[in-house]
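What follows is a single structure, written as C-alpha cells, with notes after it.
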C-alpha cells in the first residue's frame, strides 16, 4: 500500500471539482460567500473522495479488466486498506 495510491484512489481533481460546485451552488442560492464556505468545500471533498474509494472497492473485478491501472487492481492499495480509508474519510 502506498500513500500515492491512497491519494489516487480518491480522485482528488474530481473531489475538488465537486467541492467547488457546492460553493458555486451556495453562492447562487444565497448571493454571498462567507468564510464558513471553506467547511462546505472540505465536507464535499471528503464525502466525494470517500465515495470514489467505495466505488473502486466494489468495482474491483470490473476494474481488473477495464481499468487495471487503478490503485486496487494495480496493487497500490489493498482491499482492506481501501475499506478502512473510506471509513476514515466518511468520518
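The values are calculated or read from the model by the stated rules, or taken from the named source; none is laboratory data. Just so it is clear, the structure is predicted and the values come from calculations on it, not from any experiment. Cβ: placed from backbone, ideal geometry, glycine included. Neighbour counts: every protein chain shown.
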For region 80-91, name all the residues that are at pLDDT below 95 and within 16 Å of residue 8 (Cβ to Cβ). none
So, in region 10-34, how many residues would count as being surrounded by fewer than 14 Cβ atoms within 10 Å (Cβ to Cβ) and either over 27 Å from residue 79 (Cβ atoms) or touching a strand residue (DSSP E or B) at 6+ places or on another chain (Cβ under 8 Å) (or both)? 12
Report whether or not residue 37 is surrounded by 15 or more Cβ atoms within 10 Å (Cβ to Cβ), touching a helix residue (DSSP H, G or I) at 6+ places or on another chain (Cβ under 7 Å) and modelled with pLDDT under 95. yes
Hey, does region 25-41 have a residue that's under 22 Å from residue 84 (Cα atoms) and assigned to a helix (DSSP H, G or I)? no
Can you find a residue in region 64-79 that is within 19 Å of residue 91 (Cβ to Cβ) and either under 14 Å from the mean Cα position of the chain (by Cα) or modelled with pLDDT of 95 or more (or both)? yes
